[in-house]
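**Student:** My structure is below; once you've seen it, I'll send some questions.
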Amino acid sequence: MSAAVRVDPSLAGILPRYLEICRAESAALLEAALNRDLESTRLLGHRLKGSGASYGLAEISRLGGEAEAASLAGDRARVLALSGELARYLENLDVICGEDACKS
């Protein structure tokens with residue numbers, strides 16, 4: 001099931017690169033969690049939390065914030081679950097810039 005999100009049309013030129021970075025950070029989040037590197041998962045979560053809403057993607061910010069909090073709490077299982085949730089969200093995301101679908 002896809003998640004459709006409408007964003008500011010002025011983001012059309014930069015959004016594909018941002019989503020590419022988010023996909024890489026999602027994979028890095030999973031890798032760090034698998035390696036029990038909660039400092040890296042905290043930093044990645046913090047970055048995602050700060051950037052998502054700037055691009056009109058509040059769900060990325062929410063998931064990043066939860067990953068950061070879980071990392072601080074030492075809850076590796078929760079970070080693993082959130083990394084999967086983030087990957088699925090990004091995989092199913094349909095971004096609409098104004099009236100048209102953005103290329104992502």
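The values are calculated or read from the model by the stated rules, or taken from the named source; none is laboratory data. All of these numbers come straight from a predicted model, not from anything done at the bench. So basically every Cβ, Gly included, is an ideal-geometry build from the backbone, and we count neighbours across all protein chains shown. For accessibility, only protein heavy atoms count, side chains too; no ligands or nucleic acids. Shrake-Rupley method; radii C 1.70, N 1.55, O 1.52, S 1.80 Å.
**Student:** Could you grab the relative contact order for segment 37-103? Cα pairs under 8 Å, six or more apart, rounded to a whole percent.
**Tutor:** 26 percent
**Student:** Using only Cα atoms, tell me the angle between helix 58-72 and the longest principal axis of the chain; keep it within 0 to 90° and round to the nearest 10.
**Tutor:** 10 degrees
**Student:** If one takes the longest principal axis of the Cα atoms in the chain, at what angle in degrees, from 0 to 90 and to the nearest 10, does the Cα axis of helix 15-34 lie?
**Tutor:** Its long axis makes an angle of about 10 degrees.
**Student:** So which cysteines of the chain have no other cysteine's Cβ under 4.7 Å from theirs?
**Tutor:** Cys22
**Student:** Further, regarding this structure: Of the options Leu43, Tyr55, Ile14, report the single residue whose Cα projects farthest towards the positive end of the charge dipole of the chain (beta-carbon charges: Lys, Arg +1; Asp, Glu -1).
**Tutor:** Leu43
**Student:** Ignoring ligands, DNA and RNA, what accessible area per residue does the chain give at 1.4 Å, in Å²?
**Tutor:** 54 Å²
**Student:** What do you get for the angle between helix 38-52 and the principal long axis of the chain? Use alpha-carbon atoms, 0 to 90 degrees, nearest ten.
**Tutor:** 20 degrees
**Student:** Then there is this: Can you work out ³J(HN,Hα) from phi for every residue in segment 76-82, in order, using Karplus 6.51 cos²θ - 1.76 cosθ + 1.60 and θ = phi - 60°, giving whole Hz and x for Gly and Pro?
**Tutor:** 4, 4, 5, 4, 4, 5, 5
**Student:** In what sequence, highest mean first, do 4-17, 39-52, 86-99 appear when ranked by Cβ atoms within 10 angstrom?
**Tutor:** 39-52, 86-99, 4-17
**Student:** With +1 on each Lys and Arg Cβ and -1 on each Asp and Glu Cβ, how big is the dipole of the chain about its Cα centre, in debye rounded to the nearest 20?
**Tutor:** Dipole about the Cα centre, nearest 20: 180 debye.
**Student:** Would you work out which of Leu93, Ala28, Ala3 lies farthest towards the positive end of the dipole of the chain? Charges go on Cβ: Lys and Arg +1, Asp and Glu -1.
**Tutor:** Looking along the dipole axis, the top candidate is Ala28.
**Student:** Ignoring any ligand, DNA or RNA, what whole percent of the accessible area of the chain comes from carbon and sulfur when the probe is 1.4 angstrom?
**Tutor:** 54 percent
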